[in-house]
Structure formats: C-alpha cells, structure tokens
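Here is the structure we will look at.
The values are calculated or read from the model by the stated rules, or taken from the named source; none is laboratory data. Computed from a prediction, not measured in an experiment: that's the story for all the values here. Every residue, glycine as well, gets a Cβ built from its backbone with ideal geometry; the counts of neighbours run over all protein chains shown.
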C-alpha cells in the first residue's frame, strides 16, 4: 500500500513538473513573439476581410476551355471588419493565384483599401479557412480513432511541433539567430516532447531521442558539406531577392536557411526510423533477456535494413515532388544534360534528398548501439544488485 502511494506521489510530482514547464514554455513563447517588425510594405488602410457574394453584376468572359478571362463586378456583404453588415461593390480579377470565380452565396476574402471615406475592394481568394481546419480536425480524429490513446498523443506531438516551428523557429530566424542552431533547438525540443508523449521516459524513448537528434544533425552536416563543395548556399534559392530585401531591413541570416530547412525536413523520417528500431530491440529483449548486446544490435540492424530503402525512397520522392515543376520545365524545353545537372535548383533537391537519406541510414546503427547498450547496462546493474544482496 505504501509503495503504491509512493508511486502515485512520484507520478503526480512528475506531471506537476511537466505542467509547470509547459506553462512556462508557452509564456516564454508569448513574450518571445512580441517583435517590432520592420515595415517592408506600407499596409496602412489595407485589410483582408470575410464576405459573401450577394450578386454578380458583370461576369468574366468564359473561353472555350472554361478558363475565365477579364474580370467580374460583384456585390458582397461584409462579414467582418469596419464595414461588417454593409454591401460593397468589389472587383474579382481572373488569375491563377488571386481572385475567384464568384457565384451567389459564395464566401470570399476581400482585399479592402480605405482612404478617408473612399474604398477599393477586390476579391483576394476563396474563403478556405473552414476547409483547412476541417481537414486538420478530420486528420486528428482519424489518428485518434485508429491509434487510440497513442494516436491522440501523436496528434499532440504534431501540434507541439507546429507551434515550435511557427512561434519559436521563425521568430528566432527573424531576430537574427543562427538558422542552423535554431533548427537544432527545434529538433531537440520536438523530439523530446514527441517521444515522451509516445513512450514516456523509457529506455526505447531515450535511445530514440538520442538517435533522432544525432541523425538529424548528421543530415545538416552532410548538406553543409555538399553545399560547400558544390558551391551551393542559401543565396541560391528562387526567393533570394525577397529574402535579401528582408535581411537588409532585419538581422536575419539567410545564408543558413537552406540547411536549417533540411534539418526540419529530415526530422520526421529520422524520428520514425529511430522509434521503430528502438521499439523492436526493446520488444525482442523483453521476450528474451538472455540476449547479449551484440545479438540485440544485430537484430536492430536486420530490421533497419528493411526500413532503409523505403524511408530513403520516402525522402527522395518527397523532395522530387517538390521539384516536379522544375523537372517538367527542363523536359519540355529539351534542356541539355550538362545544363540540368549543374542547375542550382537540381543540386539543391539532390542535396536535400541524399542528406536526409544518409541520416536515415546512419540512424539505424546509432539507435541499435544506444538501445542495446542501455538495455544490457540495466541488466548488468540488476545482476550486481542481486549479487550484493546474496552476501
């Protein structure tokens, strides 16, 4: 009875400490995000508000292939902002990135520019917010229903990762912190929290944490080495003009953004491999505690070999998907081999895919070594205690 009460007390103390740390972390995030941003564009008098289309006054010309040409004049009833409840006249330009093909009762986002009593309203885009949150909620519910309690904890870990990237990583970059070190901090934080939520503080979770952190850092170092010899840096990306403009008005270090992004992109795959290997070795050990460190290590390697190919494919295909537009353009314009293979965009995609894959491959022996060592070390300690009790 006393032992059970003592155990419950320890659990409650641990939960209390975690709760305090969580509250302190979110308070820190709140104050850390109080940033005076440099005004890059004058947006005074401009807002983006919700509205619903009440009438289409002038339809755009419809071409034979169904594509809109020209613009629409519509009347919209404002659902937010200074003009909430009022009916305004707005223009919807035909475009692939902005505007919308307006119909009556359609909800849209209005770009509203106001100067004195005059205003200019145009349709910015469809109102996609409910769809986005609906899909996100459906994802969490599916994860919860299929994964049960662990699925729900995985969803919490995913939300925590998202919060860290949006409210910690990006503000750190904006404030001028090293992108690489910022990414390492995010990797450490999200790995520890995610692994704890999935498996608690156990041998397999601790070894997974260590393997994931080391593996992701290896991915960043491999990418940095590739970039150094291939003469590729964060200044060779498509958005460099906008980034340079921002860095000239802030303390942001854009040179390391590319490699920081590789760390973040590799995290999921490396974490997946790490927990899978650690869980497998732990389960094998629980079934037979007479296995030696080498036997456990070999078991982890054998399982890992089956995962290396698929996980490497996952990373390379993910980065290839991101470069599909570049590949299509290269093919369509019949670019020469020497031109394609030496393009910055192609080099960056190869660097990202191979660096992440190397990290996945090396994570297998890393986690196998750490997990087998931790399990057998605990066994040695337990045997020494039993020997000491016999005297």
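The figures follow:
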{"read-out": "Flag if residue 126 is out of contact with any strand residue (DSSP E or B) (no Cβ under 8 Å at 6 or more places or on another chain), within 30 Å of residue 95 (Cβ to Cβ) and touching a residue at least 12 places away in the same chain (Cβ under 8 Å)", "value": "no"}
{"read-out": "Pair list, Cβ under 8 Å, 6 or more apart: the range 258-273 residue in the same structural domain as residue 206 (by TED's automatic domain parsing) and touching a residue at least 24 places away in the same chain (Cβ under 8 Å), other residue outside any helix (DSSP H, G or I) and surrounded by fewer than 24 Cβ atoms within 10 Å (Cβ to Cβ)", "value": "258/232; 258/233; 258/237"}
{"read-out": "Residue tally, condition under 16 Å from residue 269 (Cα atoms) and exposed (fewer than 14 other Cβ atoms within 10 Å of the Cβ), over the range 322-369", "value": "0"}
{"read-out": "Residue in the range 224-238 that is at pLDDT below 90, within 19 Å of residue 165 (Cβ to Cβ), in the same structural domain as residue 167 (by TED's automatic domain parsing) and surrounded by fewer than 16 Cβ atoms within 10 Å (Cβ to Cβ) present", "value": "no"}
{"read-out": "Members of the range 168-190 found to be out of contact with any helix residue (DSSP H, G or I) (no Cβ under 7 Å at 6 or more places or on another chain) and over 24 Å from residue 205 (Cα atoms), listed by number", "value": "170, 174, 175, 176, 177"}
{"read-out": "Some residue of the range 32-50 being within 23 Å of the chain's Cα centre (by Cα), outside any strand (DSSP E or B) and either in the same structural domain as residue 85 (by TED's automatic domain parsing) or under 30 Å from residue 98 (Cβ atoms) (or both)", "value": "yes"}
{"read-out": "Test: residue in the range 104-122 that is more than 26 Å from residue 45 (Cα to Cα) and touching a residue at least 40 places away in the same chain (Cβ under 8 Å)", "value": "yes"}
{"read-out": "Flag for residue 232 being more than 16 Å from the chain's Cα centre (by Cα) and either more than 20 Å from residue 347 (Cβ to Cβ) or not in a loop (DSSP other than H, G, I, E, B) (or both)", "value": "no"}
{"read-out": "Residue in the range 253-264 that is within 18 Å of the chain's Cα centre (by Cα) and closer than 26 Å to residue 373 by Cβ present", "value": "yes"}
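Quick grid of which residues meet (1) assigned to a helix (DSSP H, G or I); (2) more than 16 Å from residue 368 (Cα to Cα); (3) in contact with a strand residue (DSSP E or B) (Cβ under 9 Å, 6 or more places away or on another chain); (4) modelled with pLDDT of 90 or more:
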{"position": "187", "(1), (2), (3), (4)": "yes, yes, no, yes"}
{"position": "192", "(1), (2), (3), (4)": "yes, yes, no, yes"}
{"position": "198", "(1), (2), (3), (4)": "yes, yes, no, no"}
{"position": "204", "(1), (2), (3), (4)": "yes, no, no, no"}
{"position": "209", "(1), (2), (3), (4)": "yes, no, no, yes"}
{"position": "215", "(1), (2), (3), (4)": "yes, no, no, yes"}
